[in-house]
Amino acid sequence: MRYSLKDLARRQRNIRRSSITIRDIDPPATMATDLYRAVYLRVTAAWAAATDRINAEYARTLATMTQDSPADVQREVDDAASAIDRLLLLLTPDVRQWAFGVERWYRSKWRGAVLAATGVDLQTMLGPEDMAAPLETHIQWNVSLVRDVSDQIRQRIGNAVFDGLRNRTPARDVAKAIDEAVGLGRARSQRIASDQLNKLSNALADERRREAGISRWKWRWSHKAHGRKEHIARDGKIYADTAAGADEAEGVLPPPEDRPGEKPGCGCRGQAVVVFG
């Protein structure tokens, strides 16, 4: 805890309520699109650009089927992978820029939400340096994920090529399988970008809440289609960060098994609750 929002609020206003819930902060989907376009799309586009060469070499290899020919098509796949590996090294600054942009946006929204709820202006107390740990974690996480997307596309293309050679699959069918491999990588990238935005915003929310001395929070269900039943059941309930902080007589539950945004694809959020009792 860097400061006590509860104490600052009491100095600012004559608060008679036992608790105040800070308004929900929901990041716009455009931020996920920004991550996808700045980072993930560049990798899938690079693989898409390499498919013509891979397809041409596959067709030539299939037509000749000499003993050494499979090595030629392998070389095309490896050359594409090497070029994309070099691209990956250049993407870390773009991931970093995106993450710091999300932090800057969230910090502004948190300041506004706290000001509206309590009358306390945190402008001079908030900075990006406070969020160094979650930012670096999510930057490295995204670097790892984008590499995994590339590796998965490479594996699927390799499988399509060598299964095709073994079975003498027509070039047009292998080309279709290669396009599908890139398409699957593209679709997965879009899901990852959305999930990473929610994970980062939840991590920032938790850090901002804890540094303000707030240990209770309300579960906000995302209202996504096909939501997890246990998450729907938690909607609107108040939880403590620790079992010791729970008070079921006051309707404050011990921490659940998973936190908002923790499970894959979860869009739920945690909403800070300032307790004055």
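The values are calculated or read from the model by the stated rules, or taken from the named source; none is laboratory data. Keep in mind that what you see is a predicted model, and the values were worked out from it rather than measured. We place every Cβ from the backbone using ideal geometry, glycine too, and count neighbours over all the protein chains shown. The accessibility values were calculated without ligands, DNA or RNA, using every heavy atom of the protein model including side chains. Shrake-Rupley method; radii C 1.70, N 1.55, O 1.52, S 1.80 Å.
At-a-glance table
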item	result
Top-ranked residue in segment 26-48 [being out of contact with any Leu (no Cβ under 9 Å at 6 or more places or on another chain) and buried (at least 19 other Cβ atoms within 10 Å of the Cβ); ranked as farthest from Leu91 (Cα to Cα)]	Trp47
Given (1) out of contact with any Asp or Glu (no Cβ under 9 Å at 6 or more places or on another chain); (2) not in a loop (DSSP other than H, G, I, E, B), number of the condition Leu204 does not satisfy	(1)
Residues that are open to solvent by 10 Å² or more (accessible area, probe 1.4 Å) and under 20 Å from the mean Cα position of the chain (by Cα), drawn from segment 206-223	Asp206, Glu207, Arg220, Trp221, Ser222, His223
Sole residue being more than 30 Å from Ala175 (Cβ to Cβ) and small (Gly, Ala, Ser), chosen from Ala59, Ala29, Ala48	Ala29
Selection count where residues are under 23 Å from the mean Cα position of the chain (by Cα), closer than 23 Å to Ala113 by Cβ and in a helix (DSSP H, G or I), scope segment 1-60	5
So Gly158, is it closer than 27 Å to Ala45 by Cβ, in a helix (DSSP H, G or I) and out of contact with any helix residue (DSSP H, G or I) (no Cβ under 6 Å at 6 or more places or on another chain)	no
Filter pass, Pro264 being at pLDDT 95 or above, open to solvent by 40 Å² or more (accessible area, probe 1.4 Å) and touching a helix residue (DSSP H, G or I) at 6+ places or on another chain (Cβ under 8 Å)	no
Some residue of segment 64-87 being β-branched (Val, Ile, Thr), out of contact with any Cys (no Cβ under 6 Å at 6 or more places or on another chain), at pLDDT 95 or above and loosely packed, with under 13 Cβ neighbours inside 10 Å	no
